[in-house]
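Notes to accompany the following structure.
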Amino acid sequence: MSKIALGVTGGIGAYKAVEGARGLQKAGHDVVVVMTRAATEFVGPLTFEAITRHRVITGQFEPGANADIEHIALASSIDLLLVAPATANIIGKFAGGIADDFLCSLYLATRAPVLLAPAMNSNMWAHDAVQGNLRTLRARGAAIVEPGEGFLACGWVGPGRLAEPPEIVAAAEAIVRPAQTLSGRHVLVSGGPTYEDIDPVRFVGNRSSGRMGYAVAAEAARRGASVTLVSGPTQIPAPEGVDLVRVRSAREMHEAVVSRVAGADVVVMAAAVADYAPIRAAGKIAKDGDELVLRMTRTPDILAELGSRRAAGEWPRTLLVGFAAETSDVVARAGDKRRRKQVDLIVANDVSGDDRGFDTEENAVTLIAADGEDELTLRPKADVARAILDRVERMLPRLAGTAQPAAAGGE
Ligand code: CTP
């Protein structure tokens, strides 16, 4: 059973939220309803109260609501914040970080997943402002149940009608009770940059934020895998339920990854590993002259080593996934990298634009395997992680019980 906060905002679809609340309860969840003032114009709080058997929260400043700073208390106890219907207004407030009512404050205060079921007039839905706000929310990880098309209450015909309650309930269930499709599997993920020391106080690094690897690790854990995340230096919190191993340099990452491959069903190398490391000076380099020349040596290519050792018969059942950051001929170069490094799947990453790839919330990638390519449009890294693991899951059974991996070597 999960605890779900159901936000109801002021749209005609509010009456469907009653059925939604009922559906969530029937599925075994504990539902707490939060209504905006406008929502109460459409449906009475009593209706929700009778169904959920909880007091319905209708205002930030109502007596009782602040006894234990309720929005903070609720925020930390819920497994999902679902808003249905979500009006253009609440979508804008969430995107803008406004906190002038209980629901908006709850959105800012919670770390639970967020699911929105928008409903509004077709032109409002199509407006750049609304679509821009939705992109912002998606990029922060919110999931959206798209509105349906049809006759709207305002008399228009088009997209904007609140999705049907069973669809909303199913989307909520998929979040709070993800299918345990990777249960019994061990997934080893690397993420983040590596820092290579120049001297005792300076280093060479790169702009990788670690978000992509962390998203893959978090999604694998949600699907029931036991997950080890070998991470270079990052600013982001460890995903829940993941065994985090912190490293700094390419050499440390090499040691941490290679020593953990045995027993892994999947290795995903999402880390931006430095290809060269400076020859470290024992003491701090003092400034001297107009130029400084750094001498660097090659670091071990971890992924290539895993590929060649697997081709030689070690870890025959381990599926290998690599990333390829490219700025031109993305698919061709990445496909070539896949064959050279002898791995099953390469996630080709176009890092030529500022809006994707390195140190951004979103990514546009092409998944390249022996049997074809999947091009994914720009989307939040959590969605990219889901697509990668969907593809990995389809490849996993092929390895089971076979002596030869479905590796790149054979073509
Ligand atoms: N990788 C690795 N060890 C390294 C360098 C890279 O394991 N020393 C892995 C990365 O984690 C990624 C993949 O190899 O999964 C591709 O990395 P990328 O930097 O794009 O490619 P390179 O092999 O470094 O090729 P090049 O820089 O020549 O494009």
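Mean-square fluctuations from a GNM of the chain, with a 10 angstrom spring cutoff on Cα atoms, peak among LYS287, LYS93, LYS341 at LYS287.
Computed over region 186-399, the quotient of the alpha carbon radius of gyration and 2.2 N^0.38 Å is 1.02. The ranking of HIS29, HIS54 from fewest to most other beta carbons within 10 Å of each one's beta carbon is HIS54, HIS29. For VAL32, the residues whose modelled amide H falls within less than 5 Å of its own, excluding neighbours fewer than 5 places apart on the same chain, are ILE4, ALA5, LEU6.
In straight-distance terms, cross-link reach from LYS337 covers every one of the aspartates and glutamates whose alpha-carbon lies under 19 Å from its own, apart from those fewer than eight places away in the same chain; here that gives ASP275, ASP301, GLU305, GLU326, ASP329, ASP350, ASP371, GLU373, ASP374, GLU375, GLU411. Within a straight-line Cα-Cα reach of under 30 Å, LYS26 can be paired with the following lysines, leaving aside sequence neighbours fewer than 8 residues apart in one chain: LYS3, LYS16. Using a 10 Å Cβ count of at most 16 others and DSSP loop calls, identify the longest part of the chain lacking such chymotrypsin sites (Phe, Trp or Tyr not before Pro). Between the exposed loop sites, the longest stretch runs 157-411.
Note on region 335-362 and region 1-51: Cα centroid distance 43 Å, given to the nearest whole angstrom.
Sorted ascending by nearby beta carbons within 10 Å, beginning with the fewest, LEU188, LEU367 become LEU367, LEU188. Look at the dipole of region 186-399 built from charges on Cβ: of LEU376, THR360, LEU294, the Cα furthest out on the positive end belongs to LEU294. Dipole magnitude for the chain: about 820 debye, using +1 per Lys or Arg Cβ and -1 per Asp or Glu Cβ, origin at the Cα centre.
Taking all Cα pairs closer than 8 Å and separated by 6 or more residues, the relative contact order of region 3-176 comes to 23 percent. Of all DSSP-defined beta bridges confined to the chain, some 30% are antiparallel rather than parallel. Distance between the pseudo-spin-label points of LEU244 and ASP290 (7 Å out from Cα toward the beta carbon): 4.6 nm. Assuming charge only on the beta carbon of Lys and Arg (+1) and of Asp and Glu (-1), the dipole of region 152-282 about its Cα centre is about 100 debye to the nearest 20. Within the straight-line cut-off of under 13 Å between alpha carbons, the aspartates and glutamates reachable from LYS284 are ASP197, ASP199, sequence neighbours fewer than 8 places apart in one chain being disregarded. Taking max minus min of the alpha-carbon positions on each principal axis, the chain gives extents of 70, 57, 38 Å, largest first. Here the dipole of region 92-234 is about 260 debye; that uses its Cα centre as origin and unit charges on the Cβ of Lys and Arg (positive) and Asp and Glu (negative).
Just want to confirm a number: the relative contact order over the chain, from Cα pairs under 8 angstrom separated by 6+ residues, in percent.
11 percent
Dividing the radius of gyration of the alpha carbons in region 209-287 by their Kirkwood radius gives 1.06 for Rg/Rh.
Each reported figure results from applying straightforward, stated rules to the coordinates on display, with no laboratory input. Note that the structure is predicted; figures quoted are calculated from it, not measured. Cβ sites come from the backbone with ideal geometry, for glycine too, and all protein chains shown count toward neighbours.
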